[in-house]
Amino acid sequence: KGSFTGAISDRKGRFELANNGTIFLDEIGDMPLNLQVKLLRVLQERVIDPVGATKQTAINVRVIAATHRNIIEKIKSGEFREDLYYRLNVIPIEIPALRDRKEDIVPLLSHFAIRSASPATAPIKFSENSLRILSEYSWPGNIRELANLIDRFTTLYPSELIELSKEPIP
């Protein structure tokens, strides 16, 4: 409150809200260098400087970070700080692209169909031919592309059996 014109109430930031818990930083590889410096400081010193505050606030936060970028290449090109990479890379978990784990496609189709269905409608289903076509597709957008496709089909064809042809996926 009062830290800038129009600030009429206190508002906690993301790290303060995650205190004594976990924060997920998605697409960390796209983070600008000036923010990388600030994040590194938070991770090293375990304190934040809330906007308008006169003192630092200690935090205890577990950080989970994800990216689809090749961070090693970004370090080499000077776009990602090496020290931040090593600070974040405590327990790396690499998840292969969906195109490299075709056996996951059918269970994921079922999962997202159930999740996308409204309480009043049954989930969409897929013919054997549709399952084959979707399993052969390369999924350049990975899980997000698959989930969005299921949302689209559920909206357009609620509770129906989806029968695809060998045409490109819409």
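The values are calculated or read from the model by the stated rules, or taken from the named source; none is laboratory data. A quick note: this is a predicted structure, and the numbers were derived from the prediction, not measured. Neighbour counts are summed over all protein chains in view; Cβ atoms, including those assigned to glycine, are modelled from backbone coordinates with ideal geometry. With ligands, DNA and RNA removed, areas are computed over all heavy atoms of the protein, side chains included. Shrake-Rupley method; radii C 1.70, N 1.55, O 1.52, S 1.80 Å.
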Honestly the stretch 1-129 on the Cα gyration tensor test (a ≥ b ≥ c root eigenvalues; a/c under 1.5 rounded, otherwise a/b vs b/c for prolate or oblate) is just oblate
Simple spin-label estimate for ASP104/VAL90, 7 Å along Cα→Cβ, in nm, reads 2.4 nm
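Could you tell me what percent of the accessible area of the stretch 1-113 is made up of carbon and sulfur, with a 1.4 Å probe and every protein chain present?
Details: 4210 of 8090 Å².
Here it works out to 52 percent.
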XL table LYS76/LYS102; LYS125/LYS166; LYS12/LYS38; LYS55/LYS76; Cα-Cα > 25 Å flagged, in table order, is LYS76/LYS102; LYS55/LYS76
Reduced to Cα centres, the span from the stretch 13-38 to the stretch 106-167 in Å works out to 33 Å
For the chain, longest principal axis from Cα atoms; helix 142-156 axis from its Cα atoms; angle between them, nearest 10 degrees, is 60 degrees
When every protein chain stays in place and a 1.4 Å probe is rolled, ARG101, ARG132 sorted by accessible area with the largest first are ARG132, ARG101
If one compares the long axis through the Cα atoms of helix 33-45 with the longest principal axis of the Cα atoms of the chain, the angle in degrees, nearest 10, works out at 70 degrees
Ignoring ligands and nucleic acids, PHE80 exposes an accessible area, probe 1.4 Å, in Å² to the nearest 10, of 10 Å²
Ignoring ligands and nucleic acids, GLU79 exposes an accessible area, probe 1.4 Å, in Å² to the nearest 10, of 90 Å²
Counting only protein heavy atoms and leaving out ligands, DNA and RNA, the solvent-accessible surface of ILE143 at a 1.4 Å probe, in Å² to the nearest 10, equals 50 Å²
Helix 105-116: inclination vs the chain longest Cα principal axis, degrees, rounded to 10, gives 80 degrees
Computed over the chain, protein heavy atoms only, probe 1.4 angstrom, the accessible area per residue in square angstrom equals 69 Å²
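Top to bottom by accessible area (1.4 Å), largest first, where do ARG152, ARG14 land?
Largest to smallest exposure gives the sequence ARG14, ARG152.
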